[in-house]
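K.L.:
Mind having a look at this structure? Questions to follow.
The values are calculated or read from the model by the stated rules, or taken from the named source; none is laboratory data. For clarity, every value in this text was computed on a predicted model and none was experimentally measured. We place every Cβ from the backbone using ideal geometry, glycine too, and count neighbours over all the protein chains shown.
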Amino acid sequence: MCNSTTLCGCSTNPALVTKIVGGETASINTWGWIVSLYINQQWLCAGTILSSSWILTAAHCVKDTHPSQVLISAATNQLFGMQQWRWASSVIIHPHYNDTMLQNDI
């Protein structure tokens with residue numbers, strides 16, 4: 001559940017589903033803690049900013065990936081323009097991640 005007292009706060013849009021399939025365009029400034037992950041210079045997944053040093057994403061996005069292949073982009077609603085770029089320094093996958101069942105997919 002959303003905790004509006006946290007530093008990042010809550011989206012102004014209510015959650016409709018528990019998993020993203022297809023997706024839709026976000027309203028400007030409604031998801032300020034979301035980043036784009038590029039693997040081998042190609043957009044692949046989104047991530048969530050947990051702190052200045054940590055990004056959370058799905059394990060299936062980065063499994064078998066070296067940190068030097070992961071580029072992180074933080075922007076507003078555009079994939080290109082005024083974003084900030086950072087390279088990942090490490091990739092950590094949940095020790096009980098199950099690729100077949102997508103359990104612990106973080």
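K.L.:
For region 47-106, how many residues meet the condition of being under 20 Å from GLY32 (Cβ atoms) and not hydrophobic (A, V, I, L, M, F, W, C)?
P.N.:
Residues flagged as under 20 Å from GLY32 (Cβ atoms) and not hydrophobic (A, V, I, L, M, F, W, C) within region 47-106 amount to 14.
K.L.:
Output yes when any residue across region 65-88 is more than 11 Å from the chain's Cα centre (by Cα), at pLDDT 95 or above, among the β-branched types (Val, Ile, Thr) and not in a loop (DSSP other than H, G, I, E, B), and no when none is.
P.N.:
yes
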